[in-house]
Amino acid sequence: MSYASRQKQAHAMVVALNLPRPLTAQLLHQHMETVRGKKIVVQIATPAMLEVGLCGLWIAVAGESFERIHHAPTTSMVHRQQFINHEFGHMILDQEQVLLSAERVALLAPLIPLDAIAYALSRSRFTDEQEALAEVIGDQLALMMLHDGPAAAYGTQTGFGRVL
């Protein structure tokens, strides 16, 4: 699929979410929890996750009432949000989660009870096209937040407010 086609598809999917405006990271997170029907906990990836090359991971564990997003550590709030937006992109695509391999379960054992059945979406398990589309969705979300930033900070500007 071409980049322009991906952009059109991502735009349509994001518009269909009926996101609150002006959009902020907090409102996006809350909206995604509503869409998913459960809490979404965002955490920094563990050193063991980073050692195997994960920079973002979306996890749901059977029997838990929440999902997790793990992201690579960064001092940049923009970079952190882009990791999160990318994982939201996978959620928006509503991709089927796959059973984690034994190696991944062992890697995540400190985070997930061993007797639970873990399902996850991990960047290393997607096709290039799925990854590209999730990234474009993440970009669309970031652009909305960037565009809405002044409205979120200062309120909607009237015609008079824009002149002064």
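The values are calculated or read from the model by the stated rules, or taken from the named source; none is laboratory data. Model, not experiment: these values are computed from the prediction. Every residue, glycine among them, receives a Cβ derived from its backbone with ideal geometry; neighbour counts consider all protein chains shown. SASA here: full protein model, heavy atoms, side chains in, ligands and nucleic acids out. Shrake-Rupley method; radii C 1.70, N 1.55, O 1.52, S 1.80 Å.
Candidates in the range 39-49 are the residues that are part of a strand (DSSP E or B) and among the hydrophobic types (A, V, I, L, M, F, W, C); of these, the one that is most open to solvent (accessible area, probe 1.4 Å) is Ile44.
Here Ile84 passes the criteria (1) under 26 Å from Tyr154 (Cα atoms); (2) of a type outside the set (D, E, K, R); (3) without any contact (Cβ under 8 Å) to a residue 60 or more places away in the chain; (4) open to solvent by 10 Å² or more (accessible area, probe 1.4 Å) except the one numbered (4). Scanning the range 1-24 for residues that are within 14 Å of Gly89 (Cα to Cα), open to solvent by less than 70 Å² (accessible area, probe 1.4 Å) and small (Gly, Ala, Ser) yields Ala10, Ala12.
Working only within the range 125-164, note down all residues that are surrounded by 12 or more Cβ atoms within 10 Å (Cβ to Cβ), at pLDDT below 90 and under 21 Å from Gln82 (Cα atoms). Answer for the range 125-164, where residues must be surrounded by 12 or more Cβ atoms within 10 Å (Cβ to Cβ), at pLDDT below 90 and under 21 Å from Gln82 (Cα atoms): Arg125, Phe126, Gln130, Glu131, Gly149, Pro150, Ala151, Ala152.
Answer yes or no: is there a residue in the range 22-38 that is outside any helix (DSSP H, G or I) and more than 18 Å from Leu141 (Cβ to Cβ). Among the residues of the range 22-38, at least one is outside any helix (DSSP H, G or I) and more than 18 Å from Leu141 (Cβ to Cβ), which makes the answer yes.
In the range 50-64, the condition of being open to solvent by 40 Å² or more (accessible area, probe 1.4 Å), of a type in the set (Val, Ile, Thr) and at pLDDT 95 or above is met by no residue.
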